[in-house]
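Since the structure comes first, as structure tokens, the remarks are kept for the end.
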């Protein structure tokens, strides 16, 4: 009878510890995200479940951890103290997972990837799928701002983004450095040159991307620094539309090199900007507390191979604010 009671007591203590860890995880996610709805998406649980776990944690210890319940949630003094501890707790948990060696081969599941670069997204998916055919892949394309928002809201597991803002919430792995090239109609006189001086664009009709495009931003910066004003400019939405316009002879345009797929109707030449460099840097990003998961370690292994393929094994790291 005594043995049975002891086993029962140990079971209760284990249940309390497990529940406490779950409640701490709920608190930590809410503190990181600043709200219950975003934290629920991050943990893939319902909002009511997360709210109940937070209430249970506060009730059990008789303390308020957040000031009110309206987003963005603000931590109380006790909440700030606890958050410092949960940051250490879950960082240590990740270290333990890494030390014990989560399985290196993924079995099932889905990688949700967001990207602002079709070229690098397709290459990553190709290499990842070859290594882990049992794991599904979902890809969402958008600009860098969209991709960062999806990642912060846990709508995706990983992101490929160009020149993203520094944020300590995320883990950054440099992937590529991309330069500018000029796209010309086939047999255009400038195609006789090995590289196109930026000054030569003064005599051309320049086809520009939409105002929110990073390609356009870099192009206009290069032109402005060189004091070059094109003969005329036409605005198009999307690189595919611009390529069709180039093929029709409407003008020339500037792309990043990775945006220059083979096309029999178009010639590509590097843009010569002299001593000034206009380079776009691309990174793989994930949430910090997911960087050591089996899924992210598998993705990062692919990223390492992609860097070697790009002859850029150690690109410049991003400086966090």
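Some points to look at:
- Across the stretch 285-317, the qualifying residues are those that are surrounded by 18 or more Cβ atoms within 10 Å (Cβ to Cβ) and part of a loop (DSSP other than H, G, I, E, B), and the one among them that is modelled with the highest pLDDT is 291.
- Candidate set from the stretch 219-240 (those that are in a helix (DSSP H, G or I) and modelled with pLDDT of 95 or more); member that is farthest from the chain's Cα centre (by Cα): 226
- Total residues in the stretch 163-183, condition in contact with a strand residue (DSSP E or B) (Cβ under 9 Å, 6 or more places away or on another chain), loosely packed, with under 15 Cβ neighbours inside 10 Å and over 20 Å from residue 300 (Cβ atoms): 0
- When residue 47 is tested against (1) closer than 12 Å to residue 26 by Cα; (2) in contact (Cβ under 8 Å) with a residue 40 or more places away in the chain, just one condition goes unmet, and that condition is (2).
- Complete set of residues in the stretch 269-284 that are surrounded by fewer than 17 Cβ atoms within 10 Å (Cβ to Cβ) and in contact with a helix residue (DSSP H, G or I) (Cβ under 7 Å, 6 or more places away or on another chain): 272, 276
- Within the stretch 192-215, the set of residues being at pLDDT below 95, surrounded by 14 or more Cβ atoms within 10 Å (Cβ to Cβ) and over 27 Å from residue 309 (Cα atoms) comprises just one member, 209.
- Residue 128 touching a strand residue (DSSP E or B) at 6+ places or on another chain (Cβ under 7 Å), outside the structural domain of residue 261 (by TED's automatic domain parsing), touching a residue at least 24 places away in the same chain (Cβ under 8 Å) and over 24 Å from residue 33 (Cβ atoms): yes
- Within the stretch 39-56, the set of residues being in contact with a helix residue (DSSP H, G or I) (Cβ under 7 Å, 6 or more places away or on another chain) and either closer than 20 Å to residue 286 by Cβ or outside any helix (DSSP H, G or I) (or both) comprises 39, 40, 42, 43, 46.
- Counting residues in the stretch 262-284 that are assigned to a helix (DSSP H, G or I) and in contact with a strand residue (DSSP E or B) (Cβ under 7 Å, 6 or more places away or on another chain) gives zero.
- Among the residues listed as 16, 36, the single one being over 16 Å from residue 287 (Cβ atoms) and modelled with pLDDT of 50 or more: 36
- Boolean, residue 226 is free of Cβ contacts under 8 Å to residues at least 40 places away in the same chain and more than 24 Å from residue 155 (Cα to Cα): no
- Selection of the stretch 57-86 for residues being closer than 25 Å to residue 151 by Cα, assigned to a loop (DSSP other than H, G, I, E, B) and modelled with pLDDT under 90 yields 69, 70, 71, 72, 73.
- Residue among 247, 232, 222, 226 that alone is crowded, with 19+ Cβ neighbours inside 10 Å and within 25 Å of residue 185 (Cα to Cα): 222
- The requirement of being without any contact (Cβ under 8 Å) to a residue 24 or more places away in the chain and assigned by TED's automatic domain parsing to the domain that holds residue 208 is satisfied by residue 263.
- For the stretch 76-91, the tally of residues that are under 23 Å from residue 290 (Cα atoms) and either in contact (Cβ under 8 Å) with a residue 60 or more places away in the chain or surrounded by 14 or more Cβ atoms within 10 Å (Cβ to Cβ) (or both) stands at 8.
The values are calculated or read from the model by the stated rules, or taken from the named source; none is laboratory data. Quick caveat: nothing in here was measured; it's all calculated off a predicted structure. Cβ sites come from the backbone with ideal geometry, for glycine too, and all protein chains shown count toward neighbours.
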